[in-house]
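To start, the structure itself, in structure tokens.
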Amino acid sequence: MIESSGYTKLRIKMVLTTLGFSLIPLLILGYTIFRQFEAAHIGKVVQHLNHLTENKRRTIDLFLNERLSQLMAIAYTHKLQYFLEDGTLERVFTLMQARSKYYIDLGIIDQDGSHVIYTGPYQAIRTANYKDEEWFNQVQAKGFYISDVFLGRRNYPHFIIAVSRREGDHTWVLRATIDSDIFDSLVQSDQLGANGDAFLLNTDNVLQSKPRFGPKLLEHMNLGSFAKFTGVRTDTIAVDGKPYLVGLAWLENKNWLLAIRDDPTEELMPLARTRWLVWIILAGGFLVIAGGTILTSNTILSQLMRSEREKASLNASLTQSSKMASLGKMAAGVAHEINNPLAIIKEKAGWMRDLLGEEDIKASPNFKEFEDAITKIEYHVTRAKDVTHRLLGFARRMDPIHEDVNVNEVITQTITFLQNEARYRAIEIHTGLQKDLPFVASDSAQLQQVFLNIIDNAIDAIGKDGNIHIRTMAVHDPDEVVITIKDSGPGIPKEKLDKIFDPFFTTKKVGEGTGLGLTISFSIIQKLGGTIKVESEEGQGATFIICLPRNKD
Amino acid sequence: MEIRILLVDDEADFVETMAKRFRIRKITVAPAYSGVEALKLMDEQDFDVVILDVRMPGMDGLEVLRQIRLKRPLTEVIMLTGHASLDAGMQGMNLGAYDYVLKPADFDELLDKVRRAAERKALNVRAQAKG
């Protein structure tokens with residue numbers, strides 16, 4: 001049998017193996033699915049951001065394009081002389097304002113940089129001269145110009161769009177100022193989440209529109225430097241130490257970078273939720289698997305232990321049976337070999353007795369001695385024959401008959417045989433026989449021999465003065481009748497306990513016992529399908545326990 | 001009534017002593033020390049009863065019994081058997097033996113069985129003569 005530490009090791013090994021084989025695929029599955037989901041989700045977010053960025057860029061480009069076209073259309077449809085007429089520029093401005101409210105003012109500047117005519121709220125700048133300014137030179141060179149946002153003389157964030165026209169040898173410039181607030185409304189929109197942001201940057205990373213968070217208009221916003229590229233790009237950019245997903249696109253009409261920052265918490269919320277879900281499912285799976293593993297291993301182990309125990313007890317009973325069988329064979333062989341010489345001795349003695357009838361021997365003075373001797377020879381041959389016949393009886397394989405036997409009756413009858421002997425030795429036999437004891441399918445004559453052997457042994461063991469208790473009772477599962485015979489004798493020493501059913505084992509004096517009584521009893525009970533065992537401690541008497549299977553019909 | 005017995009056993013001492021005891025009781029006994037010898041004797045003369053040991057070297061008692069039943073179906077056979085070969089005794093009964101006796105046998109019991117076997121044989125002979 002495996003020792004309990006062996007079982008513990010086996011249990012740990014089983015649990016770990018099963019957990020390993022179950023949990024590793026579970027973890028791989030969970031991780032893979034989560035990664036796939038994460039990739040798909042981020043892909044979707046990026047796509048959405050790209051789309052949004054592209055749309056915004058187009059809107060702004062379109063806006064700038066329209067403004068430029070409008071101014072060009074005005075400049076190229078009329079000569080300078082036309083605008084110089086009283087109220088004409090005013091009328092044109094009003095017309096432009098009718099459709100687009102973001103124009104602040106409109107002015108015409110001649111080639112030496114001074115305002116020729118102006119319409120708008122800031123009359124003070126009429127006297128301004130732009131001859132040395134960068135934008136004035138550029139517009140004359142390139143034909144049009146769009147400025148960055150600046151505060152300028154008006155001290156209000158705005159930008160200018162200017163176009164130049166050449167008339168003969170003369171150049172004049174039409175210049176409009178536009179409120180840069182327009183970009184705020186163009187760039188921002190409710191398509192961005194609660195924490196999303198969008199803004200425009202010029203090449204020096206100066207904000208051209210008002211972001212919702214962080215620095216203000218015209219302040220620096222450092223996203224890093226991006227060389228000009230076409231189309232839309234998405235980058236992960238750290239702002240205030242936190243990584244943000246940012247969509248970037250350069251405008252076509254102006255060196256401005258459009259940046260749209262998505263709301264990180266909003267965009268990653270499904271991911272976080274999924275991560276939680278994955279963890280919960282993994283934890284739940286782990287608990288279920290661990291519970292199942294422990295349960296299964298417990299079941300398997302207890303089954304294993306039970307079968308080990310059964311095997312051990314089966315082995316023990318098989319050992320006893322095979323011991324009995326081989327002893328029986330040997331006993332039979334010995335008995336048979338002795339029977340032949342015994343038969344001859346017996347016949348020789350018989351022949352001598354026959355001859356004693358002859359006249360001349362009768363006259364012999366030793367006649368009486370001869371007769372005595374022959375009688376003794378015959379007596380002891382008979383004794384030897386009894387032994388060999390009992391030995392052979394123990395060994396023979398005759399099926400016992402099976403009849404309905406009332407064990408109580410058999411016991412009562414057996415006691416009457418021994419009552420005199422017991423009384424003579426001052427031994428009292430007490431009985432506790434269960435009433436309505438069920439019948440057993442057995443052989444009453446053989447059972448009686450067993451009880452006789454055991455009670456006789458008990459009387460011999462006690463010697464004088466003592467008690468014998470005999471009890472019967474029915475038990476269930478298995479359905480058996482149990483007979484216990486307990487004596488108040490000296491008991492059986494431990495080292496002899498497992499030998500008492502062996503043939504020729506006896507504690508009695510030579511000539512008083514054959515040492516076969518218990519052997520035969522054991523073999524009878526075994527053939528009847530029952531069990532017999534003995535419990536004893538030195539000085540505490542001995543108890544024989546016989547279990548007989550119940551009659552099942 | 002005169003009874004003729006054939007006594008078959010491989011133990012010479014046993015056969016001789018047994019024979020003497022029968023003879024002193026006026027019963028004719030022919031000794032045989034093996035199955036082959038017994039069958040040879042039976043070819044030469046008729047016996048009423050054969051006392052046959054089951055365990056013998058060479059041809060064993062059961063085989064001898066079979067041959068006897070073929071040769072002399074009217075002759076009665078009593079088997080001598082050790083306890084361990086009780087099955088053989090039973091088998092002998094099935095093969096037509098009159099009875100069996102356990103070794104070491106009680107002489108008076110054996111004598112009684114011999115007499116009764118002889119009677120039965122006489123009855124059978126008479127019945128066959130009539131029939």
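Results for (1) in a helix (DSSP H, G or I); (2) among the basic types (Lys, Arg); (3) open to solvent by 80 Å² or more (accessible area, probe 1.4 Å), shown as yes or no for each residue.
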| residue | (1), (2), (3) |
| --- | --- |
| A:MET269 | yes, no, yes |
| A:ARG273 | yes, yes, yes |
| A:LEU287 | yes, no, yes |
| A:THR299 | yes, no, no |
| A:THR319 | yes, no, yes |
| A:ASN340 | yes, no, no |
| A:ASP360 | yes, no, yes |
| A:PRO365 | no, no, yes |
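Does segment B:23-52 hold any residues that are touching a residue at least 60 places away in the same chain (Cβ under 8 Å) and either within 14 Å of another protein chain (Cβ to nearest Cβ) or not in a strand (DSSP E or B) (or both), and which are they?
Across segment B:23-52, the qualifying residues are B:ARG25, B:ILE27, B:ASP48, B:ILE51.
Here is a list: A:THR382, A:THR412. Which entry is within 14 Å of chain B (Cβ to nearest Cβ), among the hydroxyl-bearing types (Ser, Thr, Tyr) and in a helix (DSSP H, G or I)?
Residue meeting the stated conditions: A:THR382.
Each row is one residue, and each column tells you yes or no for (1) within 14 Å of chain A (Cβ to nearest Cβ); (2) open to solvent by less than 40 Å² (accessible area, probe 1.4 Å).
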site	(1), (2)
B:MET90	yes, no
B:LEU95	no, no
B:LEU102	yes, no
B:ASP108	yes, no
B:ASP112	no, no
B:GLU119	no, no
B:ALA122	no, yes
B:ARG126	no, no
B:ALA129	no, no
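Considering only residues that are among the hydrophobic types (A, V, I, L, M, F, W, C) and facing chain A (nearest Cβ under 9 Å), which ones fall in segment B:6-22?
Passing the criteria: B:PHE14, B:MET18.
Just wondering, is there one or more residues in segment A:320-334 that are within 14 Å of another protein chain (Cβ to nearest Cβ), touching a Ser or Thr at 6+ places or on another chain (Cβ under 8 Å) and among the small types (Gly, Ala, Ser)?
Looking for residues that are within 14 Å of another protein chain (Cβ to nearest Cβ), touching a Ser or Thr at 6+ places or on another chain (Cβ under 8 Å) and among the small types (Gly, Ala, Ser), one finds at least one in segment A:320-334, hence yes.
Would you check if A:ALA238 is open to solvent by less than 30 Å² (accessible area, probe 1.4 Å) and either within 20 Å of A:GLU38 (Cβ to Cβ) or not aromatic (Phe, Trp, Tyr) (or both)?
No: the conditions fail for A:ALA238.
State all residues of segment A:161-218 that are touching a His at 6+ places or on another chain (Cβ under 8 Å) and open to solvent by less than 10 Å² (accessible area, probe 1.4 Å); if no residue qualifies, say none.
Across segment A:161-218, the qualifying residues are A:THR177, A:ILE178, A:SER180, A:LEU207.
Only residues that are under 30 Å from A:THR293 (Cα atoms), modelled with pLDDT under 90 and open to solvent by less than 90 Å² (accessible area, probe 1.4 Å): list them for segment A:26-42, please.
Within segment A:26-42, A:LEU26, A:GLY30, A:PHE34 meet the criteria.
Return only the number of the condition from (1) more than 14 Å from chain A (Cβ to nearest Cβ); (2) closer than 22 Å to A:LYS348 by Cβ; (3) touching a Phe, Trp or Tyr at 6+ places or on another chain (Cβ under 6 Å) that B:THR75 does not satisfy.
(2)
What about A:ALA349, is it of a type in the set (A, V, I, L, M) and either at pLDDT 85 or above or in the same structural domain as A:ILE525 (by TED's automatic domain parsing) (or both)?
Judged against the criteria, A:ALA349 is a match.
Whether any residue in segment A:356-378 is of a type outside the set (D, E, K, R), closer than 23 Å to B:MET56 by Cβ and out of contact with any His (no Cβ under 7 Å at 6 or more places or on another chain) is what I want to check.
Scanning segment A:356-378 turns up no residue that is of a type outside the set (D, E, K, R), closer than 23 Å to B:MET56 by Cβ and out of contact with any His (no Cβ under 7 Å at 6 or more places or on another chain).
Restricting the search to segment A:43-71, which residues are hydrophobic (A, V, I, L, M, F, W, C) and open to solvent by 70 Å² or more (accessible area, probe 1.4 Å)?
Answer for segment A:43-71, where residues must be hydrophobic (A, V, I, L, M, F, W, C) and open to solvent by 70 Å² or more (accessible area, probe 1.4 Å): just A:LEU62.
Criterion first (within 22 Å of A:TYR156 (Cα to Cα), touching a helix residue (DSSP H, G or I) at 6+ places or on another chain (Cβ under 9 Å) and in a helix (DSSP H, G or I)) does A:ILE60 satisfy it?
Considered against the rule, which asks whether it is within 22 Å of A:TYR156 (Cα to Cα), touching a helix residue (DSSP H, G or I) at 6+ places or on another chain (Cβ under 9 Å) and in a helix (DSSP H, G or I), A:ILE60 comes out as yes.
Do you know which of the residues in segment A:335-366 that are at the interface with another protein chain (Cβ under 10 Å from one of its Cβ atoms) and of a type in the set (Val, Ile, Thr) is nearest to A:PRO503 (Cα to Cα)?
Restricting to residues being at the interface with another protein chain (Cβ under 10 Å from one of its Cβ atoms) and of a type in the set (Val, Ile, Thr), the top hit is A:ILE338.
Can you find a residue in segment B:99-111 that is within 14 Å of B:LEU6 (Cα to Cα) and in contact with a Leu (Cβ under 6 Å, 6 or more places away or on another chain)?
no
Going by the conditions given, is B:LEU111 in a helix (DSSP H, G or I) and more than 18 Å from A:LYS346 (Cα to Cα)?
No, not satisfied.
Residues to consider are A:LEU106, A:LEU95, A:LEU89; find the one that is exposed (fewer than 13 other Cβ atoms within 10 Å of the Cβ) and either within 60 Å of the chain's Cα centre (by Cα) or not in a loop (DSSP other than H, G, I, E, B) (or both).
Answer to the check: A:LEU95.
Could you list, in sequence order, the residues of segment A:216-249 that are more than 24 Å from A:HIS51 (Cβ to Cβ) and more than 54 Å from the chain's Cα centre (by Cα)?
Within segment A:216-249, A:LYS216, A:LEU217, A:LEU218, A:GLU219, A:HIS220 meet the criteria.
Modelled with pLDDT of 90 or more and more than 30 Å from A:PHE229 (Cα to Cα): is that true of A:ARG99 in this structure?
no
The values are calculated or read from the model by the stated rules, or taken from the named source; none is laboratory data. Predicted model, so just to flag it, every value in this text is computed and none were measured. Neighbour counts run over all protein chains shown; Cβ positions are idealised from the backbone, glycine included. Side chains included, ligands, DNA and RNA excluded: accessible areas come from the protein's heavy atoms. Shrake-Rupley method; radii C 1.70, N 1.55, O 1.52, S 1.80 Å.
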